[in-house]
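To start, the structure under review is shown below, and the notes come after it.
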Amino acid sequence: MARFPVEPFKIKVVEPIRQTTLAQREEILQQAGYNLFAVRAEDIYIDLLTDSGTSAMSDSQWAGMMAGDESYAGCRNFFNLEEAVRSITGFRYFVPTHQGRAAENVLFTCTIEPGQSVPSNMHFDTTQANVIARGGDPVNLLAEEGLDPTSHAPFKGDVDIERLEAFIQQVGPESVPLGMLTVTNNSGGGQPVSMANIRATGEVLHRYGIPFFLDACRYAENAYFIKLREPGYADTPVLEIAREMFSYADGCTMSAKKDALVNIGGFLAMNDEELYQRACQQLILREGFPTYGGLAGRDLEALARGLWEGVDERYLAYRVAHTRYLADRMVEESIPILEPPGGHAVYLDARRFLPHIPQAELPGQALTCALFLEGGIRGVEIGSVMFAREDVETGEMIYPELELVRLAIPRRVYTQAHLDYVAETCQRLYECREEIGGLRYTYAPDLLRHFTARFEPL
Ligand code: P70
């Protein structure tokens with residue numbers, strides 16, 4: 001038997017990539033203000049910036065693009081998408097959006113009043129920023145072991161149920177317009193949330209009359225981890241596991257750019273009819289008519305087909321094993337990563353990789369830059385640049401517990417040889433880690449700082 005599931009697809013179209021020289025990369029990095037978001041994609045050799053919108057679509061999805069019906073209202077692709085969303089999530093109503101953050105914006109505009117709080121296991125960057133943009137307070141209540149990069153617990157994305165209930169009692173249920181869970185937990189290493197925890201979260205929130213929404217962009221990978229790790233699910237089809245996950249919630253936001261295998265798209269789904277009507281108003285104001293929501297008909301079709309491909313178990317087995325392969329190679333070389341690996345990425349633990357750089361000198365960002373210099377690889381910092389916040393009372397910086405560099409793996413894009421190259425580059429870098437120095441900001445915007453900040457070496 002093969003050690004890993006072999007790719008359940010073959011390659012029909014290829015896209016050339018090219019390596020640059022070290023001298024070129026030094027120049028490119030300096031020009032980009034030491035922020036890899038500002039580097040041209042053509043100058044990247046292996047692009048692990050994100051798994052979002054970077055999937056290779058299937059022949060069926062591409063064929064679906066030609067079947068796009070570009071009518072303004074009521075195009076057939078909307079109804080194909082509706083069938084997929086209803087069948088997989090079970091939610092009664094949904095609206096397409098151009099991507100996940102648009103779904104967040106519509107949902108939060110309809111639900112959050114200034115001063116209210118939205119608890120979650122851990123909000124991701126755009127979710128956190130969209131809550132703040134409504135005057136709300138995003139609150140992370142991840143269970144303790146999720147903050148320990150060395151713990152091998154199976155469900156390190158679980159929310160701390162006791163703290164969740166205590167939090168609701170402390171601020172009062174009227175101050176909590178909704179609660180969320182991010183599945184899988186992207187800011188905490190792509191770790192899954194257990195079915196038991198999803199169920200318990202729903203029970204606690206509903207006991208206080210609070211609606212429960214899943215941030216569902218990696219729901220299929222989460223469902224597959226439940227199948228692999230949670231007692232009682234080994235023989236349950238992933239589709240059924242996914243349906244059960246959604247059954248405990250009142251709705252979801254979805255960036256379809258992840259587990260629905262499309263380059264653009266998202267949706268907001270819910271059971272509450274009145275909320276749906278208000279969401280439609282917001283949607284028409286910002287995204288488009290409710291049967292296209294900012295997408296072309298062809299995009300809706302690719303999304304409808306991608307949703308089904310994303311819950312295919314042969315695909316998911318390959319996906320999770322592919323990511324695990326890179327993680328295993330790192331562990332073999334004693335490179336500090338967050339363990340166990342998530343479904344969509346391997347996260348380098350910058351604190352242990354660069355213990356000589358204090359958080360104020362941005363070790364995660366420094367490591368991201370070093371990885372580009374060493375091998376033309378682009379990862380993304382998920383640490384102080386993304387999440388450090390100023391304490392409103394003292395003005396002091398509060399640094400996040402996890403200081404990570406995420407190597408996100410685009411779906412169906414890179415081969416095992418590409419991953420070997422990444423592991424070997426990390427190994428070389430780890431050997432000369434003491435030579436890596438910290439950074440400081442030359443420009444830092446207030447909201448979603450990491451996308452456009454600029455730096456210089458200390
Ligand atoms: C990523 C991207 C997007 C995302 C998410 C969760 C759990 C909502 C959204 C928003 C964002 C990103 C980060 C760093 C580099 C590039 C891109 N995550 N919830 O890669 O969805 O992007 O469609 O508006 O992870 O993880 P959308």
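The values are calculated or read from the model by the stated rules, or taken from the named source; none is laboratory data. Quick caveat, the model's predicted, so the values are computed rather than measured. With ideal geometry, Cβ positions are generated from the backbone for all residues, glycine too; neighbour counts draw on all protein chains shown. For accessibility, only protein heavy atoms count, side chains too; no ligands or nucleic acids. Shrake-Rupley method; radii C 1.70, N 1.55, O 1.52, S 1.80 Å.
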Q: Please calculate the 1.4 Å probe accessible area of Ile161, with all protein chains present, and give it to the nearest 10 Å².
A: 40
Q) Once you have the alpha carbon radius of gyration of region 130-194, what is it after dividing by 2.2 N^0.38 Å, with N set to its residue count? A) 1.20
Q: Note down the net charge around Glu221, summing +1 for each Lys or Arg and -1 for each Asp or Glu among other residues with Cβ under 11 Å from its Cβ.
A: +3
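Counting pairs of alpha carbon atoms under 8 Å apart in space and at least six apart in sequence, what relative contact order in percent does region 1-148 give?
Details: 90 pairs, mean separation 18.5, N = 148.
The value is 12 percent.
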Q. What is the distance, in nm, between label points placed 7 Å from the Cα along the Cα-to-Cβ direction at Ala41 and at Arg324?
A. 3.0
Q | With all protein chains modelled, accessible area of Asp250 [1.4 Å, Å²] | A | 40
Q. Given a 1.4 Å probe and every protein chain left where it sits, what share in percent of the accessible area of region 31-74 is carbon and sulfur?
A. 53
(Q) Once you keep just the Cα pairs under 8 angstrom separated by 6 or more residues, what percentage relative contact order results for the chain? (A) 23
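What's the local net charge at Phe37, with K and R +1, D and E -1, over the other residues with C-beta under 14 Å away? Kindly include the intermediate steps, with their values, before the conclusion.
Values: positive: Arg40, Arg378, Arg406, Arg449, Arg454; negative: Asp43, Asp47, Asp125, Glu381.
Net local charge, Phe37 excluded: +1.
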Q. Amide H to amide H under 5 Å from Tyr347: which residues, 5+ apart in sequence or cross-chain, H placed 1.01 Å off N in plane?
A. Leu338, Gly342, Leu407
**Q.** Solvent exposure ordering (accessible area, 1.4 Å, most first) of Lys156, Lys10, Lys257
**A.** Lys10, Lys257, Lys156
Q) If you keep only loop residues by DSSP, which GluC sites (Glu not before Pro) in region 24-84 have at most 14 other Cβ atoms within 10 Å of their Cβ? A) Glu70
Q: Restricting to the chain, compute how many DSSP beta bridges are antiparallel as a %, nearest 5.
A: 70
Q: Determine the order of Glu165, Glu144, Glu381 by accessible area, beginning with the largest, at a probe radius of 1.4 Å.
A: Glu144, Glu165, Glu381
(Q) Spelling out what I want: for every residue of region 7-14, take phi, set θ = phi - 60°, compute 6.51 cos²θ - 1.76 cosθ + 1.60 (Karplus), and round to whole Hz; glycine and proline get x. (A) 3, x, 7, 10, 9, 9, 10, 10
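So what is Rg over Rh here for the chain, counting just Cα atoms and using Kirkwood for Rh? All intermediate terms of the calculation are to be shown ahead of the outcome.
On the way: Rg = 21.3 Å, Rh = 22.4 Å.
My calculation puts Rg/Rh at 0.95.
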Q. What list of whole percents do you get for P(r) of region 201-317, with Cα-Cα distances grouped in 5 Å bins up to the one holding the largest distance?
A. 2, 11, 18, 20, 19, 15, 9, 5, 1, 0
(Q) In Å and on Cα atoms, what radius of gyration and Dmax does region 354-444 show? (A) 14.9, 50
Q: Ignoring everything but the protein chains, give the 1.4 Å probe accessible area of Ser87 in square angstrom, nearest 10.
A: 40
(Q) Can you pull out the trypsin sites (Lys or Arg not before Pro) in region 17-94 whose DSSP state is coil and whose Cβ has at most 14 other Cβ atoms within 10 Å? (A) Arg18, Arg40, Arg92
Q. Quick one: with all protein chains in place, what share of the accessible area of region 322-458 is carbon or sulfur, to the nearest percent (1.4 Å probe)?
A. 47
Q. Rounded to the nearest whole Å², what accessible area per residue is found for the chain with the 1.4 Å probe?
A. 41
Q: On the protein heavy atoms, probe 1.4 angstrom, tell me the percent of accessible surface of region 124-233 carried by carbon and sulfur.
A: 50
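What number, rounded to the nearest 500 deg cm²/dmol, is the helix-based mean residue ellipticity at 222 nm of the chain, given -39500 (n - 2.57) per DSSP H run of at least four residues and division by all its residues? Don't jump to the answer; show the numbers that get you there.
On the way: 17 runs with 187 residues, N = 458.
Using -39500 (n - 2.57) per qualifying helix, the result is -12500 deg cm²/dmol.
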Q.
Within 9 Å, Cβ to Cβ, of Ile17, how many net charges do the neighbouring residues add up to if Lys/Arg are +1 and Asp/Glu are -1?
A. -2
Q: Calculate the radius of gyration of the Cα atoms of region 1-129 to one decimal place, then report Dmax, the largest Cα-Cα distance, as a whole number, both in Å.
A: 20.8, 57
**Q.** Exposed-site-free run, longest, the chain (rule: chymotrypsin sites (Phe, Trp or Tyr not before Pro); DSSP loop; at most 15 other C-beta within 10 Å)
**A.** 209-458
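Regarding region 225-284, what's the average projected area of the Cα-atom convex hull, expressed in nm²? Please report the intermediate quantities before stating the final value.
On the way: hull surface 20.9 nm².
Across all orientations, region 225-284 yields a mean hull projection of 5.2 nm².
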